[in-house]
Amino acid sequence: MKKEKEELFLSEYERRELLQSRIYRVLPVAAILLLLLLWVAVSRGEASKFPSPTAVWERYLKLLDRPIKNLGLFGHIWASLQRVFIALGAAWVIGISFGILIGWNKKANALLGPIFTAFRAVPPLAWVPLVTMWFGIGEFPKVLIVFVGALMPVVVNTQAGIANVQKEYMDIGTIFHANGRQMLLEIAIPSAFDAIFAGIRNSTSAGWMVVLAAEMLGGKSGVGFLIVRGMDSGDYPLCLLSMICIGVVGYLLAIVIQFLERIICPWTAKKSN
Amino acid sequence: MDSEKVKLKLEHISQSYIVNNQVFDAAVDVSMEVRDSEFLVLLGPGRCGKTILLNMIAGLEKPVDGRILLDGEEIKGSDERIGMVFQKRALMPWKTVMQNVEFGPKIKGMAKEPRREIAQKYINLVGLQGFEKSYPDELSGGMKQRVSIARAYANDPEILLMDEPFGALDAQTRYAMEEEVQRIWETEKRTVIFVTNNIEEALYLADRIVLLSNCPAHVKAVYDVKLPRPRNTIDPEFLRLRREISDNTDLAL
């Protein structure tokens, strides 16, 4: 009631603004509802080969009750996430350092750049056979493959950010007599934060995709394992349930990264407002 | 104070570039003297020469020919005694106002306490107290240029170069900033070399005006502006000088 009263005092423009902001809040919800409706529609009837929402929901409840390989749904999600986090941590530290090196030092770039570009073209999953031969099918090889997948975007973005610092920023350094180290630490690296964060965002989504694929190739835990399990036993609601979890977790990861960026680079948040 | 003392001297400076396989002369045989603590304006049409001269003084580029002498000694590359306010404000968006202003002292290795004190002094001088923690993107154009001026002053330069600092501002803000710069210059006397293509701005600010020709730039005339400050832009002498300079200025295309 109170809200309606307030609206009486709004100007035409403000009312339109309010309506606009509401539309933007409603649209995503509407899309999800539409998708659910579509899902119900295609999964109707005995002959449908599409697991219905109720089947997926029941599969979810059953999984809470009867874990697979001693892990419930969230246990498997956590198993996948752990691999991603370890691999991402390593990929960020090594990738950002390496990106800064080849972005800043022309000789290092001439030396290592071409090799890196060639390796970049190899999809992370192509490493699976060799990595399996070297390290078996334990935890380490999975983390290693995720690491390879997450490393590339970090290096590429960091390198580009460091190598393309705007000239006017470098001129400030020259005018104020900054030495090479100060140029790098005070100007080049902070000005490349946007690019580095783009790399971190991409590496997170890449890592999350690669871990699932790596898990599908062998293992006893993780969401990727659940999908294979569902496929092998004809348990398609389990597959679909896992896919939904992958989507939701991926979405949440993106939000966490965005939140991190706001904290680490407050100036970018203020710009977008 | 000996106001006739020569602070900076440009001797036969020439600069050219190769553009599309052709030699393009930007400046030809430019010689001038800048006196200690004076407000010198480099006035010229278009975008030719002025900024290039300033960049050479700042050490951002090297002249093809000629020498630049500071206190009688030739300088090569950038010099700590020369500060600059850029045309495009060039504040570092990842630094707050305070961090931008304290940049010079920080680069020199000054400890946090004293450099904050210096920075605060100049933030106050340009009238931005209360905005120390703001980021440049939260400020208006005029405020950004104030930060840029405070940053240049905080490094305690003997010569301050200003490269069309108000070119991007609207007319109102521009007038206000011209007054500001004059006030700051009178509070903290430094040698200022100010580049503009605006005759009125030049006459309002300058002790002396060096009029440059269109491309390639050379010195066309030097005007002593002896009007009392702050200047009245509709004073008959002001208008007479304005007409005289205007008639002598090349058309910029």
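General observations
- Computing FRET efficiency as 1/(1 + (r/R0)^6) for B:ASP29 and A:ARG181, where r is the C-beta to C-beta distance and R0 is 30 Å, gives about 0.15.
- Near B:ARG243, once Lys and Arg are set to +1 and Asp and Glu to -1 for all other residues with Cβ below 15 Å from its Cβ, the sum equals -3.
- Think of each Lys and Arg Cβ as +1 and each Asp and Glu Cβ as -1; about the Cα centre, that makes the dipole of the protein assembly as shown roughly 2220 debye.
- The value for chain B of Rg(Cα) / (2.2 N^0.38 Å) is 1.01.
- Ranking of B:GLU178, B:GLU33 by neighbouring Cβ atoms within 10 Å, starting from the fewest: B:GLU33, B:GLU178.
- Legend: ranking of residues A:ARG181, B:ARG243, B:ARG190, B:ARG81 from fewest to most surrounding C-beta atoms inside 10 Å; resulting order A:ARG181, B:ARG243, B:ARG81, B:ARG190.
- The simple Förster model, with R0 at 51 Å and r as the Cβ-Cβ distance, assigns B:ARG67 and A:PHE119 a FRET efficiency of 0.50.
- Rounded to the nearest 0.05, the FRET efficiency derived from the C-beta distance between A:ASP65 and A:THR174 at R0 = 56 Å is 0.25.
- For chain B, share of DSSP beta bridges that run antiparallel, in % to the nearest 5: 55
- Additional length obtainable on full extension of the chain from A:ASN109 to A:ILE255, 0.36 nm per residue less Cα span: 49.2 nm
- Hydrophobic long helices, here whole DSSP H runs in chain A with Kyte-Doolittle means of at least 1.0 and Cα atoms spread over 15 Å or more along the helix axis, are found at A:73-104, A:139-163, A:236-264.
- For chain A, the square roots a ≥ b ≥ c of the C-alpha gyration tensor eigenvalues yield an a/c of 1.5 or more together with a/b not exceeding b/c, which makes the shape oblate.
- By the count of other C-beta atoms within 10 Å, a proxy for reagent exposure, A:TRP134, A:TRP78, B:TRP94 are ordered fewest to most as A:TRP134, A:TRP78, B:TRP94.
- Judged by the ratio a/c of the largest to the smallest principal axis of the C-alpha gyration tensor, region A:1-91 counts as oblate, that ratio being 1.5 or greater while a/b is no larger than b/c.
- For the protein assembly as shown, the calculated P(r) over all alpha carbon pairs, in 10 Å bins from 0 to the bin holding the longest distance, is 3, 14, 19, 18, 15, 13, 10, 6, 3, 0, 0 percent.
- Protection proxy ranking of A:31-41, A:218-228, B:101-111, by the mean of other Cβ atoms within 10 Å over each peptide's residues and highest first, is A:218-228, B:101-111, A:31-41.
- Peptide B:96-107 is shielded by partner chain Cβ atoms: per residue, an average of 3 of them sit within 10 Å of its Cβ.
- By definition, a body whose alpha carbon gyration tensor gives a ≥ b ≥ c is prolate when a/c is 1.5 or more and a/b is larger than b/c, and region A:60-219 fits this prolate description.
- Summing +1 for each Lys or Arg and -1 for each Asp or Glu among the other residues whose beta-carbon sits under 13 angstrom from that of A:GLY207 gives +2.
- The antiparallel fraction among DSSP beta bridges confined to the protein assembly as shown stands at about 55%.
- For the segment A:260-266, counting C-beta atoms of other chains within 10 Å of every residue's C-beta and taking the mean gives 1.
- Peptide A:15-27 - average C-beta neighbours from other chains (10 Å radius): 0
- Choice from B:GLN15, B:GLN182, B:GLN172 with maximal GNM fluctuation in chain B (Cα, 10 Å cutoff): B:GLN172
- With the charge dipole of chain B set up from +1 on Lys and Arg Cβ and -1 on Asp and Glu Cβ about the Cα centre, the Cα lying farthest toward the positive end among the listed residues B:ILE149, B:TYR204, B:ALA26 is that of B:ILE149.
- Considering helices alone, the calculated mean residue ellipticity of the protein assembly as shown at 222 nm is -18000 deg cm²/dmol, with DSSP H runs of length four and up weighted by -39500 (n - 2.57) and normalised per residue.
Every read-out reported here was derived from the displayed coordinates using simple, explicitly stated rules and does not represent laboratory data. None of these values were measured; they are calculated from a predicted model. Here the Cβ is made from the backbone with ideal geometry for all residues, glycine too, and neighbour counts use every protein chain on show.
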